[in-house]
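The values are calculated or read from the model by the stated rules, or taken from the named source; none is laboratory data. Treat the numbers as computed from the prediction; the structure is a model and nothing was measured. All Cβ positions, glycine included, derive from the backbone under ideal geometry; neighbour counts span all protein chains shown.
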Amino acid sequence: MNRAAFDEIFHQYADVVHTYIKGRLGSEEDANDVLQEVFIKLWNKRQSIDIHTSLRNYLYTIVQNCINDHLRVVKRQRYTLTADIQDRTEERPLPDEQYQYKQVYHIWKGAVDTLPGQMRRIYAMKNEEQLSVKEIASELQLSEQTVKNQLHTAGQRIIKILRGVQFFFF
């Protein structure tokens, strides 16, 4: 696919795809980000595209994958706790909020520490070292599915512990 063909595809599909994404995500800003990601992926795969049905179906598959990727990132951001309390330029957290954050952080760290050895290592590699599933699998000589299963189980265990103490803090 050359630049002219790509531009034609973009002009033909961008508005429809954007409307669909916005309907799925409910946010103009998120829809813009996902739309950009869709066409970046299309451009990056331009040399290896092998369409078996239609361009529209191929594009729909890319859109669905990008939306799912976006939703996973948003979900991960909601459940990721960090050790540092970020500075807020508009307002400083109240002392009670700082105390609660530190307490929840320590409970989270304690929950991570209860994970079995390999599961804890995989979880740390993903969440602290920011390695991909593929990188973790390669480094630990495991299948990618094993890494995914371990991450899922670890997440479930940690969430269960955090939910158990949630009512106390919030």
## Note on the structure
residue 133 meets each of (1) modelled with pLDDT of 80 or more; (2) more than 30 Å from residue 35 (Cα to Cα) with one exception, condition (2)
### Query
So how many residues does segment 138-155 have that are exposed (fewer than 10 other Cβ atoms within 10 Å of the Cβ) and either at pLDDT below 80 or assigned to a helix (DSSP H, G or I) (or both)?
0
### Query
In segment 41-55, which residues are in a loop (DSSP other than H, G, I, E, B) and closer than 15 Å to residue 65 by Cβ?
45, 49
### Message
Every residue in segment 3-31 that is free of Cβ contacts under 8 Å to residues at least 24 places away in the same chain and farther than 16 Å from residue 71 by Cβ, please.
### Response
3, 4, 5, 7, 8, 11, 12, 15, 16, 18, 19, 28
### Query
Which of the residues that make up segment 22-70 are of a type in the set (Gly, Ala, Ser) and surrounded by 17 or more Cβ atoms within 10 Å (Cβ to Cβ)?
31
### Query
Is it fair to say residue 58 is at pLDDT 80 or above and of a type outside the set (Val, Ile, Thr)?
yes
### Query
How many residues, within segment 111-137, are assigned to a helix (DSSP H, G or I), more than 21 Å from the chain's Cα centre (by Cα) and in contact (Cβ under 8 Å) with a residue 24 or more places away in the chain?
2
